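Please read the structure below before turning to the comments.
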Amino acid sequence: MDVRAGSPGPDIGTAETLRQTLRRAKTVAVVARGDAQLSIQPVSEILHVPGVELLGPLPKELEYREVYAAAIIAGSKQAEAARRLIAFLSSERATAAIRKSGMEPSRRR
């Protein structure tokens, strides 16, 4: 969740305080242009928008996690390149960039 830069941030630490915040908000939409008080978007979409401040993630019980997967399809003409990309995305080298983008790297199994 985010607010316009410099605006006071409401309490969103629990499901109940988030509900109260949303009920009190006059508008929930595009914050950077000043059209709304609050916005709810993926953290990765909030971090790089000028004029917006990240309040924090939603409480765990309300959080929706998007999981991205990679695979090599049968008959791929670029199987080796796909293997290298998948290896890189799951490497320690990629972890810092993934976190800087507001995402969490997958857990290695």
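What follows draws every value from the coordinates through simple rules; no lab data is involved. The structure presented is a predicted model; accordingly, all values stated were derived computationally and were not measured. Glycine also receives a Cβ, built like all others from the backbone with ideal geometry; neighbour counts cover every protein chain displayed.
Please work out, to two decimal places, the log10 of the ratio I(q)/I(0) at q = 0.27, 0.28 Å⁻¹ from a Debye calculation in which every Cα of segment 67-109 carries one identical scatterer. After summing over all Cα pairs, the log10 values are -0.98, -1.02. The mean sequence distance of close C-alpha pairs (under 8 Å, at least 6 residues apart), as a share of the length of segment 41-107, puts its relative contact order at 32 percent. One quarter of the convex hull surface built on the alpha carbon atoms of the chain amounts to 9.3 nm², the projected area averaged over directions. Give the relative contact order (percent, whole number) for segment 1-72; include only Cα pairs under 8 Å separated by 6+ residues. Rounded, it is 39 percent for segment 1-72. Peptide packing for 87-93, 71-77, 45-51 was compared via the average number of neighbouring C-beta atoms within 10 Å per residue; ordered from the highest value, the list is 45-51, 87-93, 71-77.
Electrostatic tally near residue 35: other residues with Cβ closer than 14 Å to its Cβ, Lys and Arg +1, Asp and Glu -1, net +2. I need the calculated FRET efficiency for the pair residue 96 and residue 41, taking r as the beta carbon distance and R₀ as 22 Å, to the nearest 0.05. Calculated transfer efficiency: 0.50.
With helices as the sole contributors, the chain gives -8500 deg cm²/dmol at 222 nm; each DSSP H run of n ≥ 4 counts as -39500 (n - 2.57), and the sum is divided by every residue.
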